[in-house]
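Contents: one structure, followed by commentary.
The values are calculated or read from the model by the stated rules, or taken from the named source; none is laboratory data. In this text, all values refer to a predicted model and were calculated from it rather than measured experimentally. Cβ placement follows ideal geometry from the backbone for every residue including glycine, while neighbour counts extend to all protein chains displayed.
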Amino acid sequence: MEELEKLKKELKDLNAEYAKIKDVPAEKRGEFGRELNAKKMAILDKISKVEEVLMDTEVEAIDITAPCGVNEKMPDVYSVFDGSLHPLTSELNRVSEIYRAMGFDVVESRQLDDEYHMFDSLNFAKEHPARDGYDTFRTEEGFIPPAHTSTMQNRVLKMYRNKLLQGEDIAVVVPGRVYRNEDVDATHEHTFYQCEGVYVSKDCTMGNMLGILREFFETYYGQNLNIRTQPGYFPFTEPSLEFLIEKPKSLGGKKGDFLEMLGCGMIHPNVLKMAGIDPEVYHGFAWGGGIDRLVMLRYGLMDVRNFESGNLNFLKEF
């Protein structure tokens, strides 16, 4: 390194000599210039060879994220602890495994989608208010960060429709991140997670759907639960329901306390048609609900903003 610095200084001093050319007699300028150029080329050649040697020299790797140097003592302010999965990741894995055990395939959702899959394929009317910017983010190119995992319904139905021709049922869940133009507070976030469920066969009924959902929540909370439904509205299901469970004992629930957990219903015939499935032959049901709320209820959390905060004190609790 010292040799390289020395050579660079020589080169700098030599470059200063070029300014003297104007003071050299005209008949000697050519020779003077050739000598300077020869010296400069020799120095540049030496610099190149030294740099090659330095590049080939093994350099000890440095962890730029470390709180101190290799031979320095760790400051007392830092403590070392094992990392862990984010609580939402753990719950997504747990939800997926419960559905897998029930025979469902798991397909990951998307981070960016288009108007067709977000609205058109889901039977949204052209004038539906959800199409405007009040609920849905949009990029300058016209793409849409999904506002619900239902954006995957058309893809899933097309992806698995050959199973119907083989006499099998379509049974898929789609966990994924979704985005809403929300005013953020303790119970609302602009970024959160959902899990979509899709089931299609020749003879499935709403009773099958309620049985699957009840089985899921009883497995998730580890106890028998009463369920309740109430009328709802979604463009992509008909009839549509809101699904409620009796508040689990682990959450301090008492008999008669119910919690709304998700929206569900029989897949609208138009949605099946858009996926190339004959609604006269096949029937289906679908549901979708938030993962963040499951985690908040399970652990008694009061502020949904903690999940996206990056707060290590919060994350270390899990």
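Given the structure, is residue 71 among the polar types (S, T, N, Q), in the same structural domain as residue 309 (by TED's automatic domain parsing) and either at pLDDT below 80 or within 30 Å of residue 292 (Cα to Cα) (or both)? Against the criterion (among the polar types (S, T, N, Q), in the same structural domain as residue 309 (by TED's automatic domain parsing) and either at pLDDT below 80 or within 30 Å of residue 292 (Cα to Cα) (or both)), residue 71 does not qualify. The listed residues are 125, 186, and the only one of them that is hydrophobic (A, V, I, L, M, F, W, C), under 24 Å from the mean Cα position of the chain (by Cα), surrounded by fewer than 13 Cβ atoms within 10 Å (Cβ to Cβ) and over 23 Å from residue 105 (Cβ atoms) turns out to be 186. Screening segment 189-215 for residues that are of a type in the set (D, E, K, R) and in a loop (DSSP other than H, G, I, E, B) and picking the one that is farthest from residue 104 (Cα to Cα) gives 189.
Scanning segment 221-238 for residues that are closer than 22 Å to residue 294 by Cβ and touching a His at 6+ places or on another chain (Cβ under 9 Å) yields 234, 237. Checked against (1) under 19 Å from residue 95 (Cα atoms); (2) touching a residue at least 12 places away in the same chain (Cβ under 8 Å); (3) not aliphatic (A, V, I, L, M), residue 228 passes all but condition (1). Of the residues examined, residue 218 is one that is closer than 22 Å to residue 292 by Cβ and not in a strand (DSSP E or B). Quick check: is even one residue across segment 234-243 touching a residue at least 12 places away in the same chain (Cβ under 8 Å), under 22 Å from residue 169 (Cα atoms), over 29 Å from the mean Cα position of the chain (by Cα) and in the same structural domain as residue 294 (by TED's automatic domain parsing)? Yes - at least one qualifying residue is present in segment 234-243.
Of all residues in segment 9-59, those being outside any helix (DSSP H, G or I) and under 56 Å from the mean Cα position of the chain (by Cα) number 3.
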